[in-house]
Each structure stands twice: as C-alpha cells, then as structure tokens.
C-alpha cells in the first residue's frame, strides 16, 4: 500500500467513529420518554363534544321545523339518475 492509501485509511477511522458514535451517544444520553399529548387530547375531546352537540341541535331543529318550503316531491327519473335536465 502506498503512503497515501494508508493515510486515508487512518484518517477515515476517526471520522467514521464520530459519524457513528455521536448519534449513538445523543440517543443513549437523552432517551426519548415520549411526548406529552394531554393538552392535544383535551382539545380534541372538547372539539368533538362541541361538534356532537351542534349536530344534535341541528337534528333537533330539523325535526321540529315544519316541512313548509321544502320540496318533498320525488325527482323525475332522469334527474334521480344524475342526468342533465332536458
């Protein structure tokens, strides 16, 4: 082996050790204990409850509202199938 190849191998070893060792050291020195999601879960529960109560209120209003103003006739066969009106 020439001196240049030997020097490059000797210089590669510390860099390779640092390239592998530093991330391992960072991982083991500060292990991840898990994220705290309590605030996010509380927000999502509140949002879901608000949505459910709004949906229930809308359903109650729709059930109590008179059918006046609504077109309750069945659609013609062509419109029901998704065809354009003539």
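Descriptive notes on the structure:
- Using all pairs of distinct alpha-carbon atoms, the Kirkwood hydrodynamic radius of the stretch 1-66 works out to 18.1 angstrom.
- FRET efficiency for residue 61 and residue 35, using Cβ-Cβ distance with R0 set to 30 Å, rounded to 0.05: 0.15
Quick note: the coordinates plus some simple rules give every number you see, no bench work behind them. Just so you know, these numbers come straight off a predicted model, no measurement behind them. Every residue, glycine as well, gets a Cβ built from its backbone with ideal geometry; the counts of neighbours run over all protein chains shown.
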